[in-house]
Every structure is written in structure tokens, then in C-alpha cells.
1. Of all the accessible heavy-atom surface of segment 28-70, with the other protein chains kept in place and a 1.4 Å probe, what percent is carbon and sulfur?
2. Looking at segment 77-159 from every direction and averaging, what is the projected area of its Cα convex hull in nm²?
3. Based on alpha-carbon centroids, what's the gap between segment 28-69 and segment 125-191 in Å, whole number please?
4. Which of the peptides 165-177, 42-54 is most tightly packed, and how do the rest follow, judged by the mean count of other Cβ atoms within 10 Å per residue?
5. With an 8 Å Cα cut-off and a minimum separation of 6 or more residues, compute the relative contact order for segment 67-191 in percent.
6. May I ask you to derive the FRET efficiency for residue 147 and residue 184 from their Cβ-Cβ distance with R0 = 35 Å, giving the value to the nearest 0.05?
7. With no solvent and one equal point scatterer placed on each C-alpha of segment 22-152, evaluate the Debye formula and give log10 I(q)/I(0) for q = 0.12, 0.13, 0.19 Å⁻¹, two decimals.
8. How would you rank 118-131, 58-71, highest first, on the average number of other Cβ atoms within 10 Å across their residues?
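The values are calculated or read from the model by the stated rules, or taken from the named source; none is laboratory data. Treat the numbers as computed from the prediction; the structure is a model and nothing was measured. Glycine also receives a Cβ, built like all others from the backbone with ideal geometry; neighbour counts cover every protein chain displayed. Surface accessibility is based on the protein's heavy atoms, side chains included, excluding ligands, DNA and RNA. Shrake-Rupley method; radii C 1.70, N 1.55, O 1.52, S 1.80 Å.
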Amino acid sequence: MSDATDEVSADGEVPPASGDGSDAAETYKGLLTAYPYAFRASDSMAFRIYAGVSALFGIGVVLLFTFAVVTLLGSTADAAGGSFTFSRAFFLFLMFLVLAPLVAPVLFVARRHRRVGSETRYDRQMAATGYGFLLAMYVALVITTPADLQEDPGGLFGAVAEFLYGLPNGTAVVPPVAAALLIYLTHRQLR
């Protein structure tokens, strides 16, 4: 390894890992190993917290969808293929649509640290967009809350909740899609 890769540049950035894969033990090889790599490589506390939070939410999403598919399989076991097969595959597709934006900030940060080096501003921005996606998912859940489960929290939150409850259920897809798009656009702008 050359001396240039052992030094920190004048602007404080850590040089990238070698592109030939010779330091593969220091990088990652997939989604599960990208999390610890990004956590260790980042200097941003906001991003480190997001990595932990997104890992917990990711595990929860996978368990939730797994139980939903098992329940669906149990209730449609006697039925022939066709639309039931489609609905099973659709559950997996929905799980991917929720998981991809949830883990994208961590994967983007891990990739950036492996290729370019450390930049705390980038890590913080990606964490912020990740938190934005979690908030957007919450807003989508509030919009789709059934009428018999809706509560009035009162005050300013009551007015916001009333507005969200009044929206058609179809609009619940807008906040998560917008937040996922913001994750990608932030990555493109800062890279």
C-alpha cells in the first residue's frame, strides 16, 4: 500500500479504500455487513443512531411481512393459484418497497466510505433523509387509520391528525414516495 493512502488529505477526509478489493476485510460484502461497516466508518452520531434505528425497523418490517405472508398462506392453502399467488408475491413486493428506502441511506454511506472516504456532512444528510422516510411512513399510517381507531390528541396535533384523517386513503402513498425520492436526490446532489 502506498504512503498516500495512509494519510489524511488536507481537507480532513480519509482516503478511499483501495479499489482492487485487497482490503476486503475492512469493507463489506452485502446488506448485513454494510451496517456494521457504515456504523464504524461514520463520524456522525446522527447517522450512527439512524443505522441502529433503521436496523431495528428493518427487522420489524421483515417480521411483520413474514407473519402476514404466513397468515395469507394459511388462509388460502386450499385455494388454487391465480390471484392468491399474485397476492403472495405482492406482499413481498410491498416489503421491498418499504425496506429499500429504509436501508438506502446506510448503503449509500457505506458505499461512499468505501469509495471516496469520510465526510460527516454527507452522513448527516443521509441520516436526516432516513428519518424523513420514517416520519413519512408514520404519516401514511395515520392517513390510513380506520375511522373506529381514530383518536383526537387535541391541540396542534389534533388539527394535524384531523387533516390527515380526512385525506383519502389513496394519498397515503405520497409521503413515503416523496421521502424515498428525497433520499435518492440528496445522495445524487452530495456525491
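1. On the way: 2040 of 2520 Å².
In segment 28-70, the share of accessible area belonging to carbon and sulfur is 81 percent.
2. Values: hull surface 39.0 nm².
Projected area, direction-averaged: 9.8 nm².
3. Here the two parts' Cα centres lie 21 Å apart.
4. Highest to lowest by the protection proxy: 42-54, 165-177.
5. Numbers: 77 pairs, mean separation 34.6, N = 125.
Normalised by residue count, the contact order of segment 67-191 is 28 percent.
6. Details: r = 35 Å, r/R0 = 0.99.
E(calc), rounded to 0.05, equals 0.50.
7. For segment 22-152, the Cα-only Debye profile gives -0.60, -0.67, -1.04.
8. 118-131, 58-71
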